[in-house]
Amino acid sequence: MFANASLTGSKPEQYAQLLEQARGLVYGESDRIANAANLAALVYHALPDLNWVGFYLYDGKELVVGPFQGLPACVRIPLDKGVCGAAASQRVTQRIEDVDAFPGHIACDAASRSELVVPLLRGGELIGVFDIDSPVVGRFDAEDQAGLEAIAEVFVGALP
(Lines give C-alpha, C1' and ligand atoms only; values in the text may rest on other atoms or scores of the structure.)
Protein backbone atom coordinates (compact mmCIF):
# COMPACT_ATOMS: atom_id res chain seq x y z
CA MET A 1 0.00 0.00 0.00
CA PHE A 2 1.19 3.50 -0.83
CA ALA A 3 1.13 6.11 1.89
CA ASN A 4 1.41 9.68 0.64
CA ALA A 5 3.99 11.64 2.60
CA SER A 6 4.22 15.42 2.53
CA LEU A 7 7.42 16.75 1.04
CA THR A 8 9.63 18.80 3.34
CA GLY A 9 12.85 20.80 3.17
CA SER A 10 14.47 22.57 0.25
CA LYS A 11 13.34 21.94 -3.31
CA PRO A 12 16.21 19.48 -3.99
CA GLU A 13 15.34 17.65 -0.75
CA GLN A 14 11.69 17.51 -1.78
CA TYR A 15 12.62 16.06 -5.15
CA ALA A 16 14.84 13.47 -3.43
CA GLN A 17 11.83 12.43 -1.33
CA LEU A 18 9.59 12.35 -4.41
CA LEU A 19 12.18 10.26 -6.26
CA GLU A 20 12.23 7.76 -3.38
CA GLN A 21 8.43 7.52 -3.53
CA ALA A 22 8.58 7.07 -7.33
CA ARG A 23 11.08 4.24 -7.00
CA GLY A 24 8.83 2.57 -4.43
CA LEU A 25 5.81 2.83 -6.73
CA VAL A 26 7.49 1.12 -9.67
CA TYR A 27 9.48 -1.43 -7.67
CA GLY A 28 8.78 -4.90 -9.07
CA GLU A 29 6.40 -3.58 -11.75
CA SER A 30 7.39 -3.42 -15.42
CA ASP A 31 4.04 -2.53 -17.01
CA ARG A 32 4.47 0.91 -18.58
CA ILE A 33 0.80 1.86 -18.34
CA ALA A 34 0.59 1.00 -14.63
CA ASN A 35 3.82 2.83 -13.88
CA ALA A 36 2.89 5.88 -15.96
CA ALA A 37 -0.48 6.09 -14.20
CA ASN A 38 1.04 5.92 -10.73
CA LEU A 39 3.88 8.33 -11.49
CA ALA A 40 1.52 10.88 -13.05
CA ALA A 41 -0.72 10.72 -9.97
CA LEU A 42 2.25 10.94 -7.62
CA VAL A 43 3.70 14.07 -9.23
CA TYR A 44 0.32 15.75 -9.77
CA HIS A 45 -0.62 15.43 -6.11
CA ALA A 46 2.84 16.11 -4.65
CA LEU A 47 3.89 19.32 -6.40
CA PRO A 48 2.17 22.70 -6.22
CA ASP A 49 0.84 24.77 -9.11
CA LEU A 50 0.34 22.00 -11.66
CA ASN A 51 -2.73 21.55 -13.86
CA TRP A 52 -1.64 18.56 -15.97
CA VAL A 53 0.87 15.75 -15.51
CA GLY A 54 1.11 12.79 -17.82
CA PHE A 55 2.74 10.68 -20.43
CA TYR A 56 2.56 10.65 -24.19
CA LEU A 57 3.79 7.36 -25.65
CA TYR A 58 5.44 7.07 -29.05
CA ASP A 59 3.68 4.64 -31.40
CA GLY A 60 6.38 4.75 -34.08
CA LYS A 61 4.72 7.66 -35.88
CA GLU A 62 3.43 10.17 -33.33
CA LEU A 63 2.87 10.74 -29.61
CA VAL A 64 -0.35 9.24 -28.23
CA VAL A 65 -1.78 10.28 -24.88
CA GLY A 66 -1.16 7.83 -22.07
CA PRO A 67 -1.98 7.95 -18.38
CA PHE A 68 -2.35 11.46 -16.96
CA GLN A 69 -3.89 13.64 -14.26
CA GLY A 70 -5.76 16.80 -15.27
CA LEU A 71 -8.34 17.84 -17.83
CA PRO A 72 -8.87 15.77 -20.98
CA ALA A 73 -5.90 16.08 -23.31
CA CYS A 74 -4.97 16.18 -26.96
CA VAL A 75 -4.94 12.55 -28.09
CA ARG A 76 -2.24 12.62 -30.78
CA ILE A 77 0.71 14.97 -31.20
CA PRO A 78 2.92 14.89 -34.31
CA LEU A 79 6.66 15.04 -33.63
CA ASP A 80 6.88 18.40 -35.41
CA LYS A 81 4.20 20.12 -33.29
CA GLY A 82 4.19 21.75 -29.88
CA VAL A 83 6.42 21.46 -26.85
CA CYS A 84 5.92 17.68 -26.61
CA GLY A 85 6.83 17.22 -30.26
CA ALA A 86 9.95 19.36 -29.80
CA ALA A 87 11.08 17.30 -26.79
CA ALA A 88 10.49 14.07 -28.69
CA SER A 89 12.11 15.11 -31.99
CA GLN A 90 15.07 16.95 -30.45
CA ARG A 91 15.42 14.37 -27.64
CA VAL A 92 16.11 17.11 -25.12
CA THR A 93 14.02 18.43 -22.23
CA GLN A 94 11.95 21.49 -23.06
CA ARG A 95 11.46 23.96 -20.18
CA ILE A 96 9.13 26.68 -21.38
CA GLU A 97 8.53 29.71 -19.15
CA ASP A 98 5.60 31.03 -21.18
CA VAL A 99 3.88 28.65 -23.57
CA ASP A 100 2.21 31.54 -25.38
CA ALA A 101 5.68 32.59 -26.57
CA PHE A 102 6.53 29.09 -27.88
CA PRO A 103 6.06 28.88 -31.66
CA GLY A 104 3.55 26.17 -32.51
CA HIS A 105 2.40 25.56 -28.93
CA ILE A 106 -0.60 23.23 -28.79
CA ALA A 107 -3.10 24.52 -26.23
CA CYS A 108 -4.74 21.34 -24.96
CA ASP A 109 -5.67 23.16 -21.73
CA ALA A 110 -6.10 26.93 -22.08
CA ALA A 111 -5.10 27.36 -18.42
CA SER A 112 -1.55 26.10 -19.05
CA ARG A 113 1.00 28.91 -18.99
CA SER A 114 4.32 27.07 -18.54
CA GLU A 115 5.43 23.57 -19.42
CA LEU A 116 8.24 21.11 -18.87
CA VAL A 117 8.53 18.09 -21.16
CA VAL A 118 11.11 15.34 -20.65
CA PRO A 119 11.82 12.94 -23.53
CA LEU A 120 11.72 9.28 -22.51
CA LEU A 121 14.64 7.52 -24.15
CA ARG A 122 16.10 4.04 -23.80
CA GLY A 123 19.33 3.39 -25.66
CA GLY A 124 18.59 6.35 -27.92
CA GLU A 125 15.15 4.93 -28.79
CA LEU A 126 12.18 7.25 -28.22
CA ILE A 127 9.61 5.77 -25.82
CA GLY A 128 7.54 8.93 -25.34
CA VAL A 129 7.53 12.08 -23.23
CA PHE A 130 6.73 13.03 -19.64
CA ASP A 131 4.69 16.26 -19.79
CA ILE A 132 4.07 18.61 -16.86
CA ASP A 133 1.97 21.79 -17.22
CA SER A 134 1.35 24.70 -14.87
CA PRO A 135 -1.11 27.58 -14.86
CA VAL A 136 1.74 29.80 -13.58
CA VAL A 137 4.17 31.51 -15.97
CA GLY A 138 7.78 30.57 -15.10
CA ARG A 139 6.72 27.74 -12.76
CA PHE A 140 9.65 25.46 -13.63
CA ASP A 141 13.32 26.10 -12.87
CA ALA A 142 16.51 24.04 -13.21
CA GLU A 143 15.82 22.22 -9.92
CA ASP A 144 12.37 21.20 -11.16
CA GLN A 145 13.90 20.05 -14.43
CA ALA A 146 16.52 17.91 -12.68
CA GLY A 147 13.94 16.42 -10.31
CA LEU A 148 11.42 15.61 -13.03
CA GLU A 149 14.11 14.20 -15.31
CA ALA A 150 15.09 11.84 -12.47
CA ILE A 151 11.48 10.67 -12.15
CA ALA A 152 11.36 10.11 -15.92
CA GLU A 153 14.50 7.97 -15.57
CA VAL A 154 12.70 5.86 -12.96
CA PHE A 155 9.92 5.23 -15.47
CA VAL A 156 12.33 4.25 -18.24
CA GLY A 157 14.41 2.13 -15.87
CA ALA A 158 11.37 0.04 -14.92
CA LEU A 159 10.60 -0.91 -18.53
CA PRO A 160 11.28 -4.55 -19.44
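The values are calculated or read from the model by the stated rules, or taken from the named source; none is laboratory data. All of these numbers come straight from a predicted model, not from anything done at the bench. Note that we place each Cβ from the backbone using ideal geometry, even for glycine, and neighbour counts take in every protein chain shown. What goes into the accessible areas is simple: the full protein's heavy atoms, side chains included, and nothing from ligands, DNA or RNA. Shrake-Rupley method; radii C 1.70, N 1.55, O 1.52, S 1.80 Å.
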*Step through the residues of the range 108-118 one at a time and calculate ³J(HN,Hα) from phi using the Karplus curve (6.51 cos²θ - 1.76 cosθ + 1.60, θ = phi - 60°), rounding each to whole Hz and writing x for Gly and Pro.*
6, 10, 4, 6, 5, 10, 9, 8, 10, 10, 9
*Quick one: putting +1 on the C-beta of Lys and Arg, -1 on the C-beta of Asp and Glu, what dipole do you get for the range 65-159 around its Cα centre, in Debye to the nearest 20?*
320 debye
*asked:* Net charge around VAL156, counting only other residues with Cβ within less than 11 Å of its Cβ (Lys, Arg = +1; Asp, Glu = -1)?
replied: -1
*Tell me, what HN-Hα J-couplings in whole Hz come from the Karplus equation 6.51 cos²θ - 1.76 cosθ + 1.60 at θ = phi - 60° for each residue of the range 54-59, using x for Gly and Pro?*
x, 10, 10, 9, 7, 9
*Please find the FRET efficiency linking LEU71 to LEU7, where r is the Cβ-Cβ separation and R0 is fixed at 30 Å, and quote it to the nearest 0.05.*
0.80
*Could you give the distance between the Cα centres of the range 19-73 and the range 103-160, to the whole Å?*
10 Å
_Sort 46-54, 124-132, 81-89 by the packing proxy (mean of other Cβ within 10 Å over each peptide's residues), most packed first._
81-89, 124-132, 46-54
_Taking just the alpha carbons, could you work out the radius of gyration and Dmax for the chain, both in angstroms?_
14.5, 43
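At 1.4 Å probe radius, can you tell me the per residue accessible area of the chain in Å²?
Ligands and nucleic acids excluded, the result is 48 Å² per residue.
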_Two-decimal Rg to Rh for the range 41-88 - Kirkwood Rh, Cα set_ = 1.00
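Can you list the equivalent-ellipsoid semi-axes of the range 4-92, largest first and in whole Å, using the square root of 5 times each Cα gyration tensor eigenvalue? Kindly include the intermediate steps, with their values, before the conclusion.
Working: eigenvalues 130, 47, 32 Å².
Working through the eigenvalues yields semi-axes of 25, 15, 13 Å.
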